[in-house]
Structures are given as structure tokens and as C-alpha cells.
């Protein structure tokens with residue numbers, strides 16, 4: 001069993017990743033920490049409670065709220081993609097009796113910050129805890145800056161972020177999670193702990209279509225799959241209108257999928273750096289994925305290919321079985 005901490009700016013695909021992890025018996029989710037990104041961190045925490053409320057969990061992971069803003073930059077969000085609340089607008093949906101269709105789960109919030117939660121858990125489980133950041137890297141970077149000796153005992157970081165050989169999803173050069181706090185990302189890549197990346201190059205290979213989701217709902221119509229259908233609708237409309245993509249990119253769930261089924265993925269070693277100053281290239285992840293011999297020692301493993309159909313079958317078998 002792998003012991004993990006999920007750090008998230010919980011939007012639509014983040015919620016799918018959280019469900020995926022919590023439904024996987026091979027993973028022990030010690031904590032979920034929130035950070036500003038897709039929406040403000042307070043809304044992220046509400047979204048996490050809504051997501052948890054769709055599950056029947058006997059035990060809940062520790063929940064800790066994190067940083068409100070990037071290390072040095074103003075906050076940018078992506079509510080235009082994920083809906084005003086970050087969950088496709090479903091937080092305001094009402095049932096026929098007037099109650100909220102997806103209420104927040106009443107569960108306690110840790111009295112300590114996400115940054116302190118991260119360092120406390122690394123200290124408790126040295127060389128064992130895997131960090132899974134699927135949002136901006138602000139919390140992780142602050143933990144590294146505040147407690148470097150402790151954070152060097154992180155077993156691995158498996159993150160969703162970056163882009164190399166295709167266009168970004170914020171600018172032509174940058175992916176959102178890195179763009180939202182490039183200074184934090186650079187801290188993380190320079191820190192020296194093992195990193196595996198799920199960049200857009202691989203996450204764009206896995207698209208969850210409305211037809212696939214409807215077919216799964218017809219086979220097993222549960223409250224959880226209804227949550228999937230409702231929460232993903234706004235994102236699917238956005239991608240259809242803006243990109244002609246008939247579905248939702250499974251960005252963040254791929255980080256969880258890698259932990260569970262690494263044989264589904266092809267990876268290459270690379271030396272990755274982040275552009276923090278460029279007016280046109282801010283947030284760009286720079287790394288040579290093709291060279292036989294890199295000029296610098298690799299600091300990351302970059303996923304470049306995934307068996308999309310095997311992944312999607314595995315995801316549904318796990319999440320809605």
C-alpha cells in the first residue's frame with residue numbers, strides 16, 4: 001500500500017482524482033490539502049467537502065486548508081473552465097424538496113495549515129510519504145522553503161503539470177498549474193527529490209466523453225456517477241466550444257492512475273526547469289525529452305504516453321464499481 005498526500009486546487013478533474021484515490025484500496029490517503037488555483041482556496045475546501053459528501057467513507061483523511069495566493073504573483077484562477085464554483089456550478093443545485101443536491105460533508109478542518117500538515121506528515125513517515133500535487137505547487141514549495149531537511153525525506157512527488165511539445169492551456173507556452181505559480185514550481189524542481197510529471201502532452205491523450213459517461217451511467221446509475229455527470233458538464237461544454245474536443249481531459253486522475261498502474265505509462269528522464277521571468281513564456285516547463293544524453297543530470301521523469309483505453313476502463317471499474 002502506498003501512503004500519499006493529495007494537494008489540490010479542487011476543480012472538476014481534481015474531484016475525479018480525489019474520488020479515484022479514495023476508492024483505491026492500494027492507496028492510503030493520509031491527508032488532502034487545498035490551495036488556491038482553479039478557484040480561491042476557501043472554495044476549494046468547500047468543493048472537497050462536496051466531493052467527499054458523495055462517498056460513503058468509514059474514515060476521512062485529514063483535511064487542511066492551504067495558501068491563498070502564489071509565492072510572489074497575483075492569484076489567477078480558471079473558473080471560466082471549471083464553472084463559477086470550480087465544480088461546474090453544482091454547489092447551488094437543488095433537489096425537488098429544496099435541499100442542496102450536493103451538500104458539503106460536515107467534517108472537521110485541521111487547525112494547522114496545509115504547509116505544516118505536509119511537513120508534519122513527511123516527518124511522521126520519512127522516505128515513505130508520496131506527495132501528489134494536482135494544482136499549483138505553492139503549498140509544496142513553502143514546505144520546502146520552511147523545512148528543507150524534513151522535506152528531503154519525501155519519497156516521491158507525482159504531479160500533474162507542465163507541457164513540452166504541444167500548446168499550453170493558459171498560453172501557447174504554459175500549463176495552468178505551473179503558470180499559476182511558476183516560482184513555486186521552480187523551487188520544487190530544483191529541490192532534489194524524485195519527481196514524476198503528468199504534463200499536458202500525456203493528459204490530452206485521455207478524453208472522457210459524454211457518451212462514455214452516459215454509457216457507464218446506464219450500466220450502474222449511482223449517486224456518485226450522477227455527481228460525475230453533473231460536475232463535468234460545464235467543462236465538456238467549454239472544451240467543445242473552445243477546442244472542438246467532445247469531452248473532458250482527464251488531467252489529474254492520471255497522477256493517481258500512475259501510482260496504481262505505472263505499466264500503463266511510458267516515461268522519459270529529463271532535466272526540467274521553469275520559466276519564471278519571460279513576458280511571453282512565463283510558466284513554461286523547459287526540458288529535452290528527445291536527447292539520448294542530456295547536458296544536465298535528470299531531475300524528473302516525464303510521462304509521454306499512456307494507454308488511454310486501459311486507463312479509462314480501470315478508472316471506471318475503480319470509481320463507480
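Here are some notes:
- The lone exception for residue 199 - which of (1) free of Cβ contacts under 8 Å to residues at least 24 places away in the same chain; (2) buried (at least 21 other Cβ atoms within 10 Å of the Cβ) it fails: (1)
- When the stretch 281-321 is filtered for residues that are within 30 Å of residue 73 (Cα to Cα) and in a loop (DSSP other than H, G, I, E, B), the ones remaining, listed by number, are 281, 282, 283, 284, 287, 288, 289, 296, 297, 298, 299.
- For the stretch 254-280, a residue qualifies if it is under 25 Å from residue 182 (Cβ atoms) and assigned to a helix (DSSP H, G or I), and the qualifying residues are 254, 255, 256, 258.
- Residue match in the stretch 51-59 (condition: out of contact with any strand residue (DSSP E or B) (no Cβ under 9 Å at 6 or more places or on another chain), modelled with pLDDT of 95 or more and assigned to a helix (DSSP H, G or I)): yes
- Considering the stretch 239-253, the residues that are part of a helix (DSSP H, G or I) and under 19 Å from the mean Cα position of the chain (by Cα) include one that is nearest to residue 10 (Cα to Cα), namely 253.
- Filtered residue count, the stretch 214-251, keeping only those that are at pLDDT 90 or above and either under 15 Å from residue 309 (Cα atoms) or touching a strand residue (DSSP E or B) at 6+ places or on another chain (Cβ under 6 Å) (or both): 8
- Filter result for the condition that a residue is more than 25 Å from residue 41 (Cα to Cα), outside any loop (DSSP other than H, G, I, E, B), modelled with pLDDT of 95 or more and touching a helix residue (DSSP H, G or I) at 6+ places or on another chain (Cβ under 9 Å), over 193, 158, 188, 202: 202
- Any hit, the stretch 245-257, residues being surrounded by fewer than 20 Cβ atoms within 10 Å (Cβ to Cβ) and within 25 Å of residue 76 (Cα to Cα): yes
- Conditions (1) buried (at least 16 other Cβ atoms within 10 Å of the Cβ); (2) under 26 Å from residue 111 (Cβ atoms); (3) in contact with a helix residue (DSSP H, G or I) (Cβ under 7 Å, 6 or more places away or on another chain); number of the one not met by residue 43: (3)
The values are calculated or read from the model by the stated rules, or taken from the named source; none is laboratory data. Computed from a predicted model, the values in this text were never measured in an experiment. Cβ sites come from the backbone with ideal geometry, for glycine too, and all protein chains shown count toward neighbours.
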